[in-house]
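Take a look at the structure set out below.
Any read-out appearing in this document is the output of simple, stated calculations on the displayed coordinates, not a laboratory observation. As the structure is a computational prediction, the values presented were derived from the model and not from experiment. Glycine also receives a Cβ, built like all others from the backbone with ideal geometry; neighbour counts cover every protein chain displayed.
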């Protein structure tokens with residue numbers, strides 16, 4: 001077996017999971033899964049949306065209890081009944097949904113976590129460690145910043161540092177590399193390599209096959225709750241992995257290119273300025289336009305104003321200077337209710353917190369499209385839910401299934417389907433493809449293409465540069481709150497885009 005990352009790699013697994021099964025309602029999320037983790041190894045865990053990846057990880061972290069199966073650490077059977085038990089056994093999860101306290105600073109969040117386990121509790125020392133950590137991965141963040149001011153991806157980096165401070169022997173990392181440009185990804189990979197050299201293990205849960213092949217030593221692929229492949233990464237092809245993940249590879253050769261259906265402007269911003277959470281300007285004099293039937297992608301390293309720009313257009317952030325027009329209507333600082341009524345859909349940066357009603361079922365979440373609660377036609381929304389579940393390939397036992405029990409990818413599919421089907425003029429999307437597997441991205445792109453032919457316009461941002469390059473008919477690059485570059489899809493160079501992103 002070829003091991004890329006460590007001379008520490010052990011011959012005996014540190015953790016062994018045997019015959020693990022888990023059922024939710026009528027869905028068999030895991031079916032007799034065997035999974036081994038070795039010290040000093042980066043182990044990729046891949047699978048399509050709803051394949052069971054998150055369920056397996058949550059069992060290892062004590063969030064779920066398996067219906068069947070056994071877990072061993074260093075040949076000793078363990079019963080991981082809660083996250084605190086997992087942490088005491090050296091297992092820490094960095095999930096798609098950060099568990100930080102928004103009103104606390106980063107340092108205060110670290111102190112809260114560490115005090116539970118009688119570990120390092122001096123704020124000055126933690127501040128120093130955090131500063132070194134952020135510098136190492138190239139993030140300009142003050143450790144005394146309140147968490148609510150951080151982007152989704154920045155919160156994930158803070159969670160990785162929390163895992164290191166908790167002295168994790170196994171880091172379960174859920175989609176932490178997916179939304180980074182190549183330069184930033186390399187910094188994180190360097191950190192991973194340093195961690196495994198110390199004997200730690202990393203389980204990288206990802207939809208990005210190329211990421212897994214670049215950094216991982218070993219891969220496990222789940223499909224419909226079962227292990228379909230265990231293999232070293234050396235010598236394996238992307239097509240072979242795709243075949244095991246999705247059962248087909250034809251979709252990868254299906255090229256979809258979106259062009260505007262006319263030159264009519266449906267959206268225009270004029271020199272807008274928008275502040276971030278801590279009061280500084282995150283959008284600085286941005287003037288952009290969107291044409292009918294166009295897909296406009298905004299590239300940029302996380303935290304450079306892309307999200308604030310889209311939130312301001314939708315009415316979630318105050319525009320301090322400048323104007324926004326939708327068609328010929330001035331919508332500057334109009335509330336979101338007004339924006340929705342004129343046919344604008346929105347996918348927020350944190351879809352679980354702001355996009356979905358997580359405690360309600362699928363039908364109830366589709367009913368949120370109705371702006372008048374007294375006029376809800378429940379039979380119509382049930383009919384729509386059945387149609388969208390089939391159309392968007394959402395894995396669920398029925399339309400009344402609680403949204404909170406869906407996998408992360410299926411949560412996103414519910415949100416995307418609701419907003420895409422609702423939007424008659426414009427879809428505004430922050431991180432449109434977050435949490436989606438490769439095949440689902442293709443499916444969403446195809447459905448967006450069908451909508452744009454009928455005049456829908458899309459403006460979106462993504463931390464995954466590949467998606468911006470592949471989805472867009474025109475591309476803008478933002479850096480430090482300013483648009484620093486513009487490319488047509490027919491004339492774009494990835495290296496040039498990345499240079500503008502990090503200059």
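Quickly work out the residue 330-to-residue 194 label distance, labels modelled 7 Å from Cα along the C-beta direction, and quote it in nm with one decimal.
In this crude spin-label approximation the distance works out to 5.3 nm.
For 65, 145, what ranking results if the residue with the fewest other Cβ atoms within 10 Å of its Cβ goes first? It would help to have the intermediate numbers written out before the result.
Values: 65 12, 145 16.
Taking fewest neighbouring Cβ atoms as first place, the list is 65, 145.
Over the alpha-carbon set of the stretch 15-253, divide Rg by the Kirkwood Rh and report the Rg/Rh ratio to two decimals.
Numbers: Rg = 17.9 Å, Rh = 18.5 Å.
Rg/Rh: 0.97.
Taking 30 Å as R0, compute the FRET efficiency from the Cβ-Cβ separation of residue 369 and residue 102 and round it to 0.05. Could you put the intermediate results ahead of the total?
Numbers: r = 28 Å, r/R0 = 0.92.
After rounding, the FRET efficiency stands at 0.60.
Quick one: check the C-alpha center-to-center distance for the stretch 145-170 versus the stretch 366-414, whole angstrom.
Distance between centres, Cα-based: 32 Å.
Which length gain, in nm to one decimal place, applies between residue 454 and residue 377 when the Cα-Cα distance is subtracted from 0.36 nm times their residue separation? Let's see the in-between values first.
On the way: separation 77, 0.36 × 77 = 27.72 nm, distance 2.59 nm.
Full extension of this stretch gives 25.1 nm more.
Note the angle between two axes, namely the Cα long axis of helix 378-391 and the longest principal axis of the Cα atoms of the chain, as a number of degrees from 0 to 90, rounded to the nearest 10.
Taking the Cα atoms of the chain, the angle to 378-391 is about 60 degrees.
For residue 28 and residue 342 in the same chain, what is the full-extension length gain: residue separation times 0.36 nm, less their Cα-Cα distance, in nm?
On the way: separation 314, 0.36 × 314 = 113.04 nm, distance 4.17 nm.
Contour length minus Cα-Cα distance gives 108.9 nm.
Counting other beta carbons within 10 Å of each residue's own, what order do 463, 211 fall into, fewest first?
Details: 463 26, 211 20.
Ascending Cβ contact count within 10 Å gives the list 211, 463.
Assuming a ≥ b ≥ c are the square roots of the Cα gyration tensor eigenvalues, decide whether the stretch 367-469 counts as rounded (a/c under 1.5), prolate (otherwise, with a/b larger than b/c) or oblate. Walk me through the intermediate numbers first.
Working: a/c = 1.90, a/b = 1.30, b/c = 1.46.
It is oblate, given that a/c is not under 1.5 and a/b is not larger than b/c.
Any idea what diffusion coefficient the stretch 264-400 gets from Stokes-Einstein, in µm²/s, Kirkwood Rh on alpha carbon pairs, 4 °C, 1.567 mPa s? Display every interim value, and only then the final one.
Details: Rh = 17.0 Å.
Calculated translational D: 76 µm²/s.
Any chance you could get the radius of gyration and Dmax over the Cα atoms of the stretch 190-336, in Å?
Every Cα atom of the stretch 190-336 included, Rg and Dmax give 22.4, 61 Å.
Using 0.36 nm per residue, how much length does the chain from residue 446 to residue 275 gain when fully extended, once their Cα-Cα distance is taken away? Intermediate results must be reported in sequence, preceding the final value.
Numbers: separation 171, 0.36 × 171 = 61.56 nm, distance 3.51 nm.
Extra length from residue 446 to residue 275 when fully extended: 58.1 nm.
Which of rounded, prolate or oblate describes the stretch 265-502 when judged by the alpha-carbon gyration tensor and an a/c cut-off of 1.5?
Details: a/c = 1.77, a/b = 1.42, b/c = 1.24.
Because a/c hits 1.5 or more and a/b exceeds b/c, the stretch 265-502 counts as prolate.
Helix-only estimate, please: 222 nm mean residue ellipticity of the chain, summing -39500 (n - 2.57) across DSSP H runs of length 4 or more and dividing by its residues, to the nearest 500.
Details: 16 runs with 166 residues, N = 503.
Calculated from helices alone, the mean residue ellipticity at 222 nm is -10000 deg cm²/dmol.
Residue 491 versus residue 425, label points 7 Å from Cα toward the beta carbon: distance in nm?
Going from the residue 491 label point to the residue 425 one covers 3.1 nm.
Please compute, over every Cα-Cα pair in the chain, the percentage with a separation greater than 46 angstrom. Before the final figure, lay out each step's value.
Numbers: 11976 of 126253 pairs.
It works out to 9 percent of all Cα pairs.
For the chain, calculate the relative contact order in percent as a whole number, restricting contacts to Cα pairs under 8 Å that are 6 or more residues apart. Walk me through the numbers on the way to the answer.
On the way: 1047 pairs, mean separation 83.9, N = 503.
In percent, rounded to a whole number, it is 17.
Between residue 136 and residue 390, what is the label-to-label distance in nm when each label sits 7 Å out along the Cα-to-Cβ direction?
Going by the 7 Å Cα→Cβ label model, 5.2 nm.
Within the stretch 26-69, what residues put their amide N at less than 18 Å from the label point 7 Å along the Cα-to-Cβ vector of residue 243?
Taking a point 7 Å out along Cα→Cβ of residue 243, the residues of the stretch 26-69 whose backbone N falls under 18 Å are 47-48.
As a test, work out the antiparallel percent of DSSP beta bridges whose residues both lie in the chain, rounded to the nearest 5. Display every interim value, and only then the final one.
On the way: 44 of 79 bridges.
Antiparallel bridges: around 55 percent, rounded to the nearest 5.
Taking the mean number of other Cβ atoms within 10 Å as a proxy for protection, how do you rank 262-270, 280-288, 45-53, 74-82 from highest to lowest?
Per-residue mean Cβ counts within 10 Å order the peptides as 45-53, 280-288, 262-270, 74-82.
By its C-alpha gyration tensor, with a ≥ b ≥ c as the square roots of the eigenvalues, how is the stretch 11-64 shaped: rounded for a/c under 1.5, else prolate for a/b larger than b/c, else oblate?
Working: a/c = 2.25, a/b = 1.79, b/c = 1.25.
It is prolate, given that a/c is not under 1.5 and a/b is the larger ratio.
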